[in-house]
1. How much FRET efficiency would the formula 1/(1 + (r/R0)^6) give for residue A:119 and residue B:39, where r is the Cβ-Cβ distance and R0 is 51 Å, rounded to 0.05?
2. With a 1.4 Å probe on protein heavy atoms only, work out how much accessible surface A and B bury together, total over both chains, in Å² to the nearest 100.
3. With both partners inside chain A, how many of the DSSP beta bridges are antiparallel, as a percent to the nearest 5?
4. How much length is gained if the chain between residue B:274 and residue B:215 is pulled fully straight, taking 0.36 nm per residue apart and subtracting their Cα-Cα distance, in nm to one decimal?
5. Can you give me the Cα centroid spacing of segment B:143-198 and segment B:79-125 in angstrom?
6. What number comes out for the charge environment of residue B:154, summing +1 per Lys or Arg and -1 per Asp or Glu over other residues with Cβ under 13 Å away?
7. May I ask you to give the average projected area over all directions of the convex hull of the Cα atoms of chain B, in nm² rounded to one decimal?
8. In segment A:123-230, how many lysine pairs have Cα atoms under 25 Å apart, counting only pairs 8 or more places apart or on different chains?
Amino acid sequence: MLELKNINFDVETEGGNVSILKNINLNLDENKIYVITGPNGSGKSSLAKIIMGIYKPTSGNIIFNGEDITNYSITERAKLDIGYAFQQPPTFKGIKVKDLIKIASKKEKNLSETCEVLMDVGLCAQDYMNREVDKSLSGGELKRIEIASVIARELKLAIFDEPEAGIDLWSFQRLAETFKAMHEKKDTTLVIISHQERILNLADKVILMQSGEVKEITDKDKVLSEISRADDACKCSASCEKGAGKNVKCDR
Amino acid sequence: MLNAIDKKILETVADIHDVPQGAYNIRKNGKGESRKTTKNIDIVTKTDKPGIDVIIKSNTKNESVHVPVILSATGLTDVVYNSFFVGENCDVVIVAGCGIHNSGCAKTQHDGIHDFHVGKNSHVKYIEKHYGEGEGTGGKVLNPKTTFEVEDGGFVELEMVQIKGVDNTIRDTEVTLHKNARVIVTEKLLTYLNQEAESNITVDMEGENSSAQIISRSVAQGNSSQKYHFNMVGNNKCKGHTQCDAIIMDNAKVVSIPEISAFNSDAQLIHEAAIGKIASEQIIKLMSLGLTEKEAEETILEGFLK
């Protein structure tokens, strides 16, 4: 359903051109869950923003259900039922949570449907419906509202940028279930940028990125086993590849 | 008789479609148009200068007074002095507002000078809306002056709204609070084209445990300019908080001058002021929900000024 062909993305900086994404080729199938993982700065968010149209690729093409959407605006892509949940959601003075959900919903949602969307992200609808989406909300609350605004849209392709950030462990299981339900009931293809084991567990395919490239497309078992191996290595510092007992920087 | 233009103006400035319920005084082109008093609310024409005295008896609850002004003649300068005497233990809504329909080329101006005396333990909600329209090139000028004297335990909510339409406005508001008195001022303003707006608000907290909150939200578009000067003065144990927030667009100018003055060591005063444009993330977020860039901008401004 989504095809990325030879996507390159460069940005100009004072020190010259920096290549953020290098020759990305991906083919995402309908009704699957993809988890993109990889170290910070590997280009995961940039890739998500290129799919949503927030960034324009320097070269390459994006094909969505047979249509070349490379030059489509964010709005045009949204109308094709592509959605994106921000890693750091913006705030809006004067716009209430229920207003945002209403904007997001294609068809008018009744009260109980709006409640449900909020409950899906672990928020008590009664407490939040009339709150403003402003800085009075905590980072975790904002993040959940952001996710709710994307769930409300009933999409063909939904991208979540590190949805776990700022969400407590208690709510997390619920969130994982919500993603699963979204995928099963609404046939939404999910692309989730995440480092979380519970999220990785949902994946049909895991896309591993490194230094702006797709390093590997694999299944979750392989990634999970690698994580557990690295975990063991951490616990038993004697076998740490970075050197036991040394004051070294660790990415994990 | 009220014609279609008058009714449209009335609807905008007073949220009423025809003649209002309760007490009212409608002023049109410098003259009294119609008036209604009730058992508890009397309206008397001033004898020394143009304007009215509105007298609200003590213990009047859940009643309203509308005093809208309509200016539909071009080249008119209308100065009016309205006094409101609110008794003790009242709970009333007062709606003032001025609408100008200037289809001519000469300047039309309305200077509404309102003073309020709010008795002990009374709650007054005062809503003031300003609106200008008309195809003519004549300027639409509104210069309201409002003063409030709030007795012990009184609570005043002031809502002032001016969205587009008015070319030039200087708004002066002064509030004096006595013991345990409270005021919340909410001001919303949108200017565009070459409009100019200035708002000066001074709150004097004279009494012990008085408190004040000023919330100002404004949007400056086109070549318009806005200037704000909010001053909170604490002369006693009191609390004051000013929030002044402006969205600036195009070639507009916004000047915000904060002032907090404490003359008592138990005065707690805070001033927050911010001027900035719409954040691009806000636009992008709403576009990603399917709105166009223009719709996103309108949604953000509408929420901001709501």
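The values are calculated or read from the model by the stated rules, or taken from the named source; none is laboratory data. All values derive from a computational prediction rather than experimental measurement. All Cβ positions, even for glycine, are placed from backbone atoms using ideal geometry, and neighbour counts span all protein chains on display. These area figures cover heavy atoms from the full protein model, side chains too; ligands, DNA and RNA do not enter into them. Shrake-Rupley method; radii C 1.70, N 1.55, O 1.52, S 1.80 Å.
1. 0.50
2. Chain pair A/B: roughly 1700 Å² of buried accessible area.
3. Antiparallel bridges make up about 55 percent of those DSSP assigns within chain A.
4. Contour length minus the Cα-Cα distance gives 20.1 nm.
5. 11
6. Its environment carries a net charge of -3.
7. 16.5
8. The number of close lysine pairs in segment A:123-230 is 21.
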